[in-house]
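The values are calculated or read from the model by the stated rules, or taken from the named source; none is laboratory data. Please read all numbers here as calculations on a predicted model, not as lab measurements. Because the Cβ atoms are built from the backbone with ideal geometry, glycine has one as well, and the counts that use them run over all protein chains shown.
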Amino acid sequence: MYMEHQERQLTKEYPENKIFETIDCIYNFYDFLSDCPYCCYSNSPYEIYPNINNYIYSSIRGTIDSIKLLLDNAYINNAFAIVRKYFDEILTDVYMMVYCKEHYKWDPQNIPFVAERFKEWTNGIFKTPKYENLKKYFRRSKSYSSLFEHFDFDDRYSKMRDFLDDNMHINSFRLMINNANEVFNQHRPMYMNLLDTYICDLFRYHFASILFLNPHFFMDSTIDDYLCLGLTPPVGAENIFAKTAQQMFDKMIKPNKELALFLKDNVHLNIDCEYE
C-alpha cells in the first residue's frame, strides 16, 4: 500500500516567486517559434529538412514545461537538472545555425555538405561538440564571434554549467534535499531566485543568437498573411519585427544596453530600441 505524501512544506510566497512568470513568458515564446512559418524558410539544410526548426523549438518548449511541472511540486533539484538539459539544447541549436552560416554564407555551393551534417545529426550519427570545443568554434566563427563576445562563457556561463552539473550528479546533500518538498527548507527561495537567473541568462543568449543568425524567424506574419490571400506583401514587410519578439526583446535584451544596440545595428528588422 502506498503511503500518502506528507503535506508539502511550502511558504505562501512560493507560488508567487518571479520564476513562474519567467517560465510562462519563455514557454509562450518558444510556442510562438514552434508555430512560426518563417522557421521553414532558411538556407539549404532547412529546405531539405523542412520544419526542423519548428520541431526543435517545440521540443525546447516541452523542456520549459517540464521545469514548470517540477517547480509546481517544489522538486527544485530536478528542475536544475532539466535546466542543464535546456543549456545543451540551446548550444545544439546555436551550433547548427552557426555551422550553416559558416559553410553556406561564404560558399552557397556547400549545400550538399551542410545538409549531410544535418542528416547525420538527425540520424544520431553526429553529436554536438563538447562545451569547450563549442566555445572555441564560436569564437573562430566569422558569422557569429561578434555576438558571442557579448556573453561571458569563460566565467558566468561556465560557473552556471558547473553548478547545474552539481545538481545533476548530486554533489552535495544540500542540493539533494531541494527535492524534499515535505521538508521545510529555508534556502528554497534563494535557489528559486538562482534558477530564475540561470533560465533568464540562457534564454537571453538563445534569443540573441537566433535573432542575430536567423532574424527572419522573428518577422511579423504580414508577408505570410498576404501570400495566403494571394496578395502582394507591402514594401518593407520583411523588416517588421513581430510584436511577440519585441515584447521579449524589451524584457530580456533591452536591460543590457550594449547587447541591445548591437542587435539593433546588426539585424535588418525594425527593432524598437530607444534609450533616454
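List of remarks:
- In the stretch 228-264, of all residues being assigned to a loop (DSSP other than H, G, I, E, B) and β-branched (Val, Ile, Thr), the one that is modelled with the highest pLDDT corresponds to 240.
- Residues satisfying the stated conditions in the stretch 172-195, i.e. among the hydroxyl-bearing types (Ser, Thr, Tyr) and surrounded by fewer than 17 Cβ atoms within 10 Å (Cβ to Cβ): 172
Conditions (1) modelled with pLDDT under 75; (2) farther than 27 Å from residue 165 by Cα; (3) of a type in the set (S, T, N, Q), marked per residue:
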position: 26; (1), (2), (3): no, no, no
position: 33; (1), (2), (3): no, yes, no
position: 38; (1), (2), (3): yes, yes, no
position: 52; (1), (2), (3): no, yes, no
position: 65; (1), (2), (3): no, no, no
position: 79; (1), (2), (3): no, no, no
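- Condition check for residue 224: of a type in the set (Asp, Glu), assigned to a helix (DSSP H, G or I), more than 24 Å from residue 261 (Cα to Cα) and at pLDDT below 80: yes
- Qualifying residue in the stretch 209-220 (condition: under 25 Å from residue 135 (Cβ atoms), part of a loop (DSSP other than H, G, I, E, B) and at pLDDT below 95): yes
- Of the residues making up the stretch 221-245, those that are among the small types (Gly, Ala, Ser) and either touching a strand residue (DSSP E or B) at 6+ places or on another chain (Cβ under 7 Å) or within 14 Å of residue 36 (Cβ to Cβ) (or both) are 221, 242, 245.
- Which numbered condition residue 185 fails, given (1) assigned to a loop (DSSP other than H, G, I, E, B); (2) farther than 16 Å from residue 73 by Cα; (3) in contact (Cβ under 8 Å) with a residue 24 or more places away in the chain: (2)
- Every residue from the stretch 196-250 that is of a type in the set (D, E, K, R), crowded, with 19+ Cβ neighbours inside 10 Å and in contact (Cβ under 8 Å) with a residue 24 or more places away in the chain: 204
- Selected residue (criterion: nearest to residue 80 (Cα to Cα)) from residues of the stretch 215-226 that are of a type outside the set (Ser, Thr, Tyr) and out of contact with any helix residue (DSSP H, G or I) (no Cβ under 6 Å at 6 or more places or on another chain): 215
- Summed over the stretch 141-158, residues that are over 17 Å from the mean Cα position of the chain (by Cα) and either crowded, with 17+ Cβ neighbours inside 10 Å or within 15 Å of residue 213 (Cα to Cα) (or both) total 6.
- Residue selected from the stretch 63-73 under the condition surrounded by fewer than 23 Cβ atoms within 10 Å (Cβ to Cβ) and of a type outside the set (Lys, Arg), by the criterion nearest to residue 196 (Cα to Cα): 71
- Residues in the stretch 157-182 that are in a helix (DSSP H, G or I), over 26 Å from residue 206 (Cβ atoms) and either without any contact (Cβ under 8 Å) to a residue 40 or more places away in the chain or of a type in the set (A, V, I, L, M, F, W, C) (or both): 173, 174, 176, 177.
- Looking only at the stretch 85-131, and only at residues there that are within 28 Å of residue 70 (Cα to Cα) and polar (S, T, N, Q), the one that is modelled with the lowest pLDDT: 128
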